[in-house]
Amino acid sequence: MAAPGCKVLARCFSSSSVQQQLVKTPIQVFGLDGRYATALYSAATKMKQLDAVETDLLKFQGQLKTDTKLREFIANPIVKRSIKANAMKEVCSKMAMSAASANLFGLLAENGRLKSLDSIINAFKVIMAAHRGEVPCEVITSKPLDEAQRKDLEVALKGFMKQGQTLLLSAKVDPAILGGMVVSIGDKYIDMSIASKIKKYTELITTPV
């Protein structure tokens, strides 16, 4: 017999009234990975295990990065689902995972979706960041930002934050954009790169009148 928490999680995929059953997430995540992450957030909220689930998933994701055999086992399409389900049950038990986390892993094994675990965990991390009021922002420039530029950029970006939100800024360098910057903040994407402008101008020039 499935655990009560597993039933909560499974129901999120079994009816047309899914949206009415789910606890609303602070941010939408899309695709199948997003659906599982949303269902997990809903189930963990109802079971009062949100923080425990986040800890479990981060710990397991770290394990995936270092344990080659575990990654290969999860990705192996030949291994039967029942065997994977039993194996994941043992892994969850050894890692002392919360019921909501263990239920997710069991459901993924039964549905043949374990290979999506890493991306589901990433989707859940996005939800939890929004839950805490954290807004991830990635800025890509052609050259590294100096300290003064970074501070000016942070001030400008914080102007878009709502009260209680925290900006999580990460900066990357990509010489291919030639100049300007590409900004991803929350669910918004702004391309202000010179490479993008050149592409647009080139398309305008080569498009027949």
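Just so you know, all these numbers are worked out from the coordinates, no wet-lab data involved. All of these numbers come straight from a predicted model, not from anything done at the bench. Counting neighbours? That spans all protein chains shown, and the Cβs are built from the backbone with ideal geometry, glycine included.
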(message) Tell me the mean residue ellipticity at 222 nm calculated for the chain from its helices only (DSSP H runs of n ≥ 4, each -39500 (n - 2.57), averaged over every residue, nearest 500).
(response) -17500 deg cm²/dmol
(message) Out of all DSSP beta bridges in the chain, what portion is antiparallel? Express it as a percent rounded to 5.
(response) 55
(request) Along each of the three principal axes of the Cα atoms of the chain, give the extent in whole Å, ordering the values from largest to smallest. (result) 63, 42, 39
(message) List the aspartates and glutamates whose Cα sits under 14 Å from the Cα of K59, skipping any in the same chain fewer than 8 residues away.
(response) D51, D67, D118
(message) If I stretch the segment between Q21 and F73 completely, what's the gain in nm (0.36 nm per residue apart, minus their alpha carbon distance), one decimal?
(response) 15.4 nm
(message) Placing unit charges on C-beta atoms (Lys and Arg positive, Asp and Glu negative, everything else neutral), compute the dipole magnitude of the chain about its Cα centre in debye, rounded to 20.
(response) 640
(request) At 7 Å along the Cα-to-beta-carbon direction for both T202 and D152, put a label point, then send me their distance in nm to one decimal. (result) 2.9
(message) Can you list residues from other chains, or at least 5 along the same chain, whose modelled amide H is less than 5 Å from the amide H of I27?
(response) none
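Past 30 Å, Cα to Cα: identify those pairs from K46/K94; K24/K200; K125/K151; K162/K200; K143/K200; K94/K162, in the order given.
Beyond 30 Å: K24/K200; K162/K200; K94/K162.
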